[in-house]
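The values are calculated or read from the model by the stated rules, or taken from the named source; none is laboratory data. All of these numbers come straight from a predicted model, not from anything done at the bench. Cβ coordinates were reconstructed from backbone atoms using ideal geometry, including for glycine residues, and neighbour counts include every protein chain displayed. The accessibility values were calculated without ligands, DNA or RNA, using every heavy atom of the protein model including side chains. Shrake-Rupley method; radii C 1.70, N 1.55, O 1.52, S 1.80 Å.
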Amino acid sequence: MTTAGSASSSPAPGKPLWLLAELTYRCPLQCPYCSNPLDFARYKDELDTADWIRVLREARKMGAAQLGFSGGEPLLRPDLEELIAEARQLGYYTNLITSGVGMDEARIKAFKTAGLDHIQVSFQASDEALNNYLGGTDSFRHKYEMARLLKKYEYPMVLNIVIHRQNIDQMDDILRMTVDLEADYVELASTQYYGWSKLNEAALLPTREQLQRAEASARDYQARMKGKMKIIYVVPDYYENRPKACMNGWGAIFLTIAPDGSALPCHAARQLPGLTFPNVREHSVEWIWNDSPAFQRYRGDDWMKEPCRSCPDKHKDFGGCRCQAFMLTGDACNADPVCDKSPHHAALVAQVDAITSRPLPSSTEKPLVFRNTRNSKALSEA
């Protein structure tokens, strides 16, 4: 079956191998780079336990194997252990993506009993004061304690630190912290500019010089810790000449279910105009994945404009990110401006240089807009 915007010459969609269950948008932290939608306060009607269990079963039947429990903060869901146990019974490999706030030793034990495979803990910085400022809560010491406990319960130590202009000069200290915590895997995830990070771009986008120094530090530690710790350093999109293969292609292997039940090809897709995303309360996962117009929209290459349409790399990078193309050019069908073949690339480079040539804005000149319910409501009403 083909629909408007789908590619009739393309093969049928593959399997939704990676399921991201965004259990809630509620969160005790207020990170100004959060990828949750700016209007998250609107989405109060969360799926209940029975709905989530049905989604897990339907997605597993479709072939989903990797399952991430995310948010917001998934620890705020009292049924988290029940969902983990169901996922274990269904045969998923499960990953809890958490700030660690709200976790304690008893809960880690419960996760182990339920069959959770993997826990990723986020830090905002290696400096306690900056970590607590960025998160909007006094959480640094608790995070440290939780990270230690994960080792005690034989979980792989997986740390995530989002890197941006406010903390990038601490790269050496951040990496020393990960060594002190005996991390097994470290993701130095440079901020990608969606949601709240786009709103705070002027205060978060690092300079090219900062990026070069940070990259050198990361490579040094990668060499030193080879065989002991895996360090993944993700360079910001804006500094690349070729786009990433966003989500490995639209509706190719990634399926996100938002707290209200909306099914999305990626967590940022709600912002794209002209699309109505199906809800698991009204449709099966099978129909959503195989037949819904929203998931068909950017599959294949019939939707592409030049230079993507005739590019030999179009089946490698899929034209880049649809959300980024929309945010930077106003048209989701354009080539991702990260690509130096895009007619919009020069404008992106000029924009980045203009932002990073200015000193960081002061808290009075342009304060960070923290991710919280009050700010979300204000932005929704603006």
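Cα-Cα pairs above 18 Å in segment 264-308: how many percent? List each step's numbers first, then the result.
On the way: 330 of 990 pairs.
The answer is 33 percent, as a whole percent.
Across all directions, the average projected area of the convex hull around the alpha carbons of segment 116-173 is 4.2 nm².
For segment 78-220, give the percent of accessible area contributed by carbon and sulfur heavy atoms, probe 1.4 Å, rounded to a whole number.
48 percent
Every Cα-Cα pair in segment 205-264 was counted, and those over 16 Å apart are 65% of them.
Diffusion coefficient of segment 309-382 by Stokes-Einstein, Kirkwood radius over Cα pairs, 25 °C, 0.890 mPa s: 164 µm²/s.
Take the Cα pairs of segment 56-167, get the Kirkwood Rh, then feed it into Stokes-Einstein at 25 °C and 0.890 mPa s and tell me D in µm²/s. In µm²/s, the coefficient rounds to 166. Entry for segment 228-382 at q = 0.14, 0.19 Å⁻¹: log10 I(q)/I(0) = -0.88, -1.23, Debye formula applied to identical alpha-carbon scatterers, no solvent contribution. For the chain, the relative contact order comes to 23 percent (Cα pairs under 8 Å, sequence separation of at least 6). Normalised Debye scattering of segment 143-205 at q = 0.21, 0.25 Å⁻¹ gives log10 I(q)/I(0) of -0.84, -0.99, counting only Cα atoms as equal scatterers and leaving out solvent.
Per-residue packing, averaged as other Cβ atoms within 10 Å, sorts the ranges 121-128, 88-95 into the order 121-128, 88-95, beginning with the highest. Leu205's amide H: which non-local residues (gap 5+, or another chain) put their own amide H closer than 5 Å, with H modeled 1.01 Å from N in plane and none for Pro or chain starts? Close amide H contacts, sequence-distant or interchain: Arg165.
Based on the Cα coordinates of the chain, what is the per residue volume of their convex hull in Å³? Walk me through the numbers on the way to the answer.
Numbers: hull volume 54.5 nm³, N = 382.
Normalising the Cα hull of the chain by residue number yields 143 Å³.
Reported to the nearest whole Å, the Cα centre-to-centre distance from segment 280-343 to segment 70-103 is 30.
A simple charge model with +1 on the Cβ of Lys and Arg, -1 on the Cβ of Asp and Glu and nothing else charged puts the dipole of segment 257-302 at about 160 debye relative to its Cα centre.
Quickly rank 252-265, 62-75 as a protection proxy: mean count of other C-beta atoms within 10 Å, highest first.
My ranking of the peptides, most packed first, is 252-265, 62-75.
Put a plus charge on the Cβ of each Lys and Arg, a minus charge on the Cβ of each Asp and Glu, and nothing anywhere else: the dipole of segment 89-204 about its Cα centre is then about 360 debye.
With each run of n ≥ 4 DSSP H residues scored as -39500 (n - 2.57), what mean residue ellipticity at 222 nm is computed for the chain after dividing by its residue count and rounding to the nearest 500 deg cm²/dmol? Mind showing how you got there, number by number?
Values: 15 runs with 137 residues, N = 382.
The per-residue figure over the chain is -10000 deg cm²/dmol.
3J(HN,Hα) along segment 284-292, derived from phi through the Karplus expression 6.51 cos²θ - 1.76 cosθ + 1.60 where θ = phi - 60°, amounts to 6, 4, 4, 5, 4, 6, 8, 10, 5 Hz, with x in place of Gly and Pro. Pairs spanning more than 27 Å between alpha-carbon atoms, out of Lys152/Lys198; Lys15/Lys198; Lys198/Lys244; Lys112/Lys228: Lys152/Lys198; Lys15/Lys198. For a distance above 18 Å, tell me the whole-number percent of Cα pairs in segment 162-242 that qualify. Value for segment 162-242: 40 percent of Cα pairs lie more than 18 Å apart.
Can you tell me, using C-alpha contacts under 8 Å and at least 6 residues apart, the relative contact order of segment 25-182 as a whole percent? If you can, show how the numbers build up before the last one.
Values: 195 pairs, mean separation 34.2, N = 158.
Averaging sequence separation for qualifying contacts and normalising by length gives 22 percent for segment 25-182.
Accessible area per residue for the chain, computed on protein heavy atoms with a 1.4 Å probe, is 43 Å². Rounded to the nearest Hz, the phi-derived 3J(HN,Hα) couplings of segment 186-194 under the Karplus curve 6.51 cos²θ - 1.76 cosθ + 1.60 (θ = phi - 60°) are 10, 10, 8, 9, 4, 4, 9, 8, 10, where x marks glycine and proline. Couplings for segment 324-338, taken from phi via the Karplus curve 6.51 cos²θ - 1.76 cosθ + 1.60 with θ = phi - 60°, read 5, 4, 5, 4, 9, 10, x, 9, 5, 8, 6, 4, 4, x, 4 Hz in order; Gly and Pro are left as x.
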